Each structure stands twice: as C-alpha cells, then as structure tokens.
Amino acid sequence: MNRLEQLDKEYVWHPFTQMKDWNDQPQKVIAAANGIKLIDTEGNEYYDGVSSLWVNIHGHRKKEIDEAIIEQLSKAAHTTMLGLASIPAAELAKELVEVTPNGLEKVFFSDDGSTAVEVAVKMAFQYWQHKGKPGKQKFISLEQAYHGDTLGTVSVGGIDLFHRVFKPLLFDPVHIPSPSCYHCQLGSDQNTCGMPCIAVLEKVLAEHHEEIAGLVIEPLVQAAAGMLMSPPGYLAKVRELTKKYEVLLIADEVATGFGRTGKMFACENEAVSPDLMTLSKGITGGYMPLAATLTTNEIYNAFLGDYDEKKTFYHGHSYTGNQLACAAALANLRIFREEKVIEGLKDKIAAAKEKLSQIRKLKHVGDARQCGLIIGIELIETQEKKVPYPWKAAMGAKVCLYARKYGLIIRPVGDVLVFMPPLASTVQEIQTMLQIIKRSIKEVTEEQLCAAQVQPTDL
Ligand SMILES: *Cc1c(COP(=O)(O)O)cnc(C)c1O
C-alpha cells in the first residue's frame, strides 16, 4: 500500500461507503486527470465512465475552463452575495435564464444539488404562505426518488436503503409510484400502457391539492435509484395536472441538466416549463461546486414587500455564488455554444444504442435502459420472472471492480450498472467503454471470473 492510500485509510471517511470494506480492499488514489481519462498514483489510466459522478461534461483539464478560472483568480476568488453583487454571478444568472425553459426568470445560487433542492422546497412552501393559502404545506414525490442528502431533501426522497434510518427526523411526503416501466408495479405493459401511474397522481391531486404545495420530480430519469426511466409523455402529464390543481412543479435537473438527455435540459424533451428548476452537477463542467434554483416571476414577486412585512426568503450559504465557480460555469456554457455540444450528441447516443442492443442480449442482463447518454444496465439471475441476484452476491459491484482491470471506472447501484460518460467522449470511446462493460458482464456472470483472475496484459 502506498503512503497516500495509507493516509486515506487512516483519516478519510468516504461518502456512501462501508469503510470496513474500503479499508480491507486495495484502493486507487487519483493523481491526475486528462480528457476523459483518470490517472492513478501508479500511472494506470481509466476511462471516467461516470463523469466523476455526473459532473464532468467536456473532459478534464479542458483548456477553456482552466483558463477562465485562472483569469477569475486574478480578480477575486470569492466575495459574499449577502449585501453585494458580483460580476460572474450576474453574468451567469442572465445566461442560465436564457438557456433554461421559458418562464424561469430568476436565479438563486447555492453550492450543491442538495441545497438547490432544499431551496426549491422552502421557496415553494413559503410562496403559499405569502399567497394566503397557508394550508398548502405538503409535497408529492416519487417512490425511489433521490433529491440529495440534507434532511429536507431526504424527506422528499424515496430510497428506503438510504433514508429509512433518518425517518424520525423527516417530514412525510405523499409518495406516488415510480413510473419506471421495467419495474411497473401497476401491472401495466409498456407497449399498451395507459399510464396508470398518472391516474394515481390525478387521484392524489383531486383529493388533496388544497394541502399540497409542490411536486418534486427528477424529469425522465430517476438517476440514483438505478436509472429508472419514465414512459414518454409522463412528465408532460405531470405538468398538465400540477397546473390544473395549482401545485408547484419542481423539476430537479441536478443530474439530467446540461445535455445528459440529448437536450440541454430533460424538460425540453416534453416541452415542459416547471415553476422551479434545480441545477448543479454539470453546471461548472465538473470543476467547482455550484448550484442554482431557478424560478418564475410569479414566485419571486410573491416574496416582495415592505421590510417590516418580513416576506424575505431567509436562506443563504457562505459560498453562495462563488466567483471562481461562476466563472467556470460561464466557460462551460460558452463551450456548449461554441463547440455545438448538443448537436454533436446525436451520433454518440446512436452509437451507445447500438452497443446496448448487444448487451441486452446477454444471459444475465434483464434490462438495458438509455436516455441520451444516461445508461442503466440491470443484471439479473434469471430472466424469467425477473429473479434478481441475492443482495449478498453484490453482483453489480463485482462487475464494476472487474471493469477496472480493463481500464474503465463505473459504479453500481445495487445490480444496476450506471454509465454516464462525459459528453466529450467520442463515438469510438463510447463504443470501447461499452465493449468493456459487455465483456466484464459476460466474464463475471457467465464464466464467474473475478478481478484477481485478470492479468493486466489482457488490457
Ligand atoms: C446528485 C443529485 C442531487 C444531490 O446533489 P449533491 O450535489 O450531491 O448534493 C439532487 N438531485 C438529484 C436528481 C441528483 O442526482
């Protein structure tokens, strides 16, 4: 074990990690990154198959973002937004309003996805207090939802494994079924589906809308749940119904934003304009922590009033609107424009689709889902009746560990392999990464090889 791995194991507590397992196993220490590759302290290179967990867009060490941060550094790294404005925050707010769906006119900055959603939930709640409907206090959210790790966002979350232990500290949302077609619990067939999941929502809204402030949703893809995808038209229906019943729609685009679904934002796929939209992960191209909650003039205006009316939104963070982060975000958006990133995605998405159709045929692949460059491959013990592997087998984790031997970093969510490469990956790189995934699944599930049996010469 090298010194850095030792330091890590002695002092660091990793997120979402059983530290007993972490400390028992060899770990990689990343020393550098370049393009879509990560390089460890031993000099091994790996494809960054999860975009450093969704955040990276244009690759690492992207010249334009490096330079934008260095230039900003020569002016100011950070100044408070409490009582002061800043150049990059003002410029960025204008650009975010321009690129997001119509109707979103104001930008509230924070630091990460969790705080962006926390802000949206609190804004929605306080909005109804100001509008003279103080009974609207509850939130609708989806089963399997993930909106972050602060207590407010865990409250609207629905992943039992993560959230159960904190239950006594949380407020209760009204849960509606996850619209994931592969796992449909409403007995619906995807091909002839009349979306019974929408009927459930309509019933909840019809009965309870007077108590409901907002509905929080990850549009198109429930990411952390294992890339669960909703049927086409679901999101548009949710928008229609929330409008009809006067419930604010909060679109949590923390994962889906910035090109992931093939459009700049997932909402665009169904021509949806939410009342609040949360952004983070890809916002700085993977460089700095930054988040934004966008909202309408209607909501913003409800908070205006004389000082002594105390209608202020009392919320903010020390690093809100950090100048370096805003400069990185401006460079990120500039690259989207100048390199026509969205236009360039078409061929990449098609190449992934092609490869996935091969992967779907593997004996132990139950489902291979794709939305743009968001991919989920669900492993299964037997196809018939969709029998999963026993939890203890940790099959997803095994395949991911194995893929490292072939030079790819991916992560499991249970037995779903999640793959979301940087948008900058070329068609060929996407094919190569998916080929590694295919080979790893086959060798682990059919030949029962483990990572230790692969020689580095096989790379
Ligand atoms: C990751 C994620 C969050 C939380 O973002 P953090 O930056 O990790 O706090 C919130 N919502 C969605 C949809 C996410 O994928």
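The values are calculated or read from the model by the stated rules, or taken from the named source; none is laboratory data. Small disclaimer: the values here were computed from a predicted structure and weren't measured. Cβ coordinates were reconstructed from backbone atoms using ideal geometry, including for glycine residues, and neighbour counts include every protein chain displayed. For the accessible areas, the whole protein counts, side chains as well, though only heavy atoms, and no ligand, DNA or RNA atoms are used. Shrake-Rupley method; radii C 1.70, N 1.55, O 1.52, S 1.80 Å.
With a cut-off of at least 2 residues that are assigned by TED's automatic domain parsing to the domain that holds S74 and among the β-branched types (V, I, T), name the strands (runs of 3 or more DSSP E) lying wholly within region 227-336. Walk me through it before giving the result.
Values: elements: 248-252, 276-279, 291-295.
Here the list reads 291-295.
Search region 252-296 for residues being within 13 Å of the ligand (Cβ to nearest atom) and among the acidic types (D, E), and hand back the single one that is farthest from G157 (Cα to Cα).
E253
Restricting attention to region 402-416, which residues are in contact with a strand residue (DSSP E or B) (Cβ under 7 Å, 6 or more places away or on another chain) and β-branched (V, I, T)?
Matches in region 402-416: I409, I410, V416.
Each row is one residue, and each column tells you yes or no for (1) touching a strand residue (DSSP E or B) at 6+ places or on another chain (Cβ under 6 Å); (2) assigned to a loop (DSSP other than H, G, I, E, B).
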site	(1), (2)
A397	yes, no
C400	yes, no
V418	yes, no
L423	no, yes
T432	no, no
S440	no, no
Q448	no, yes
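Within the bounds of region 180-199, is there any residue that is within 16 Å of the ligand (Cβ to nearest atom), in the same structural domain as W128 (by TED's automatic domain parsing) and either at pLDDT 95 or above or under 19 Å from the mean Cα position of the chain (by Cα) (or both)?
yes
Name the residue that is nearest to the ligand (Cβ to nearest atom), counting only residues in region 218-251 that are hydroxyl-bearing (S, T, Y) and open to solvent by less than 10 Å² (accessible area, probe 1.4 Å). So that I can check it myself, show each step before the final result.
Applying the first criterion (hydroxyl-bearing (S, T, Y)) to region 218-251 yields 230, 234, 242, 245.
After this cut, where a residue has to be open to solvent by less than 10 Å² (accessible area, probe 1.4 Å) as well, the list is 234, 242.
Working: Y234: 16, T242: 18 Å.
Here the residue is Y234.
I'd like to know if region 21-28 contains one or more residues that are surrounded by 14 or more Cβ atoms within 10 Å (Cβ to Cβ), away from the ligand (no atom under 16 Å from the Cβ), of a type in the set (K, R) and farther than 18 Å from Y287 by Cα.
Scanning region 21-28 turns up at least one residue that is surrounded by 14 or more Cβ atoms within 10 Å (Cβ to Cβ), away from the ligand (no atom under 16 Å from the Cβ), of a type in the set (K, R) and farther than 18 Å from Y287 by Cα.
Select from region 371-395 the residues that are in a strand (DSSP E or B) and either assigned by TED's automatic domain parsing to the domain that holds H183 or over 16 Å from A225 (Cβ atoms) (or both) and list them in ascending order.
Step one: filter region 371-395 for residues in a strand (DSSP E or B), giving 371, 374-379, 382, 387.
Matches in region 371-395: T382, V387.
Which of the residues belonging to region 147-178 are away from the ligand (no atom under 15 Å from the Cβ) and out of contact with any Lys or Arg (no Cβ under 9 Å at 6 or more places or on another chain)? Reasoning before the result, please.
Quick first cut of region 147-178, residues away from the ligand (no atom under 15 Å from the Cβ) only: 160-161, 164-172, 174-177.
Result: D160, L161, R164, V165, F166, K167, P168, L169, L170, H175, I176, P177.
Select the helices (runs of 4 or more DSSP H) contained entirely in region 58-164, then report the ones holding at least 2 residues which are surrounded by 16 or more Cβ atoms within 10 Å (Cβ to Cβ), touching a Cys at 6+ places or on another chain (Cβ under 7 Å) and among the basic types (K, R). Break it down into steps so the answer makes sense when it comes.
Working: elements: 63-73, 87-99, 113-130, 151-155, 160-163.
Result: empty, no element qualifies.
With respect to H147, is the statement that it is within 22 Å of the chain's Cα centre (by Cα) and farther than 30 Å from G286 by Cβ true?
Numbers: within 22 Å of the chain's Cα centre (by Cα): yes; farther than 30 Å from G286 by Cβ: no.
So H147 fails the test.
Quick one: which residue in A394, A350, A327 is open to solvent by less than 40 Å² (accessible area, probe 1.4 Å) and among the aliphatic types (A, V, I, L, M)?
Values: A394 fails: open to solvent by less than 40 Å² (accessible area, probe 1.4 Å); A350 fails: open to solvent by less than 40 Å² (accessible area, probe 1.4 Å).
None of the other options fit; the residue is A327.
Could you give me the residue pairs with C-beta distances under 7 Å whose first residue belongs to region 45-61 and is in contact (Cβ under 8 Å) with a residue 40 or more places away in the chain, whose second residue is within 16 Å of the ligand (Cβ to nearest atom) and open to solvent by 40 Å² or more (accessible area, probe 1.4 Å) wherever it lies, and which are 6+ apart or on separate chains?
Sorted first by the residue in region 45-61, then by its partner, the pairs are V50/R411; W54/K281; V55/K281.
In region 94-109, is there at least one residue being in contact with a Gly (Cβ under 7 Å, 6 or more places away or on another chain) and within 16 Å of the ligand (Cβ to nearest atom)? Before you say what the answer is, go through the steps one by one.
Initially, region 94-109 is screened for residues in contact with a Gly (Cβ under 7 Å, 6 or more places away or on another chain), giving 109.
Retained after the next criterion (residues that are within 16 Å of the ligand (Cβ to nearest atom)): 109.
Checking region 94-109: at least one residue is in contact with a Gly (Cβ under 7 Å, 6 or more places away or on another chain) and within 16 Å of the ligand (Cβ to nearest atom).
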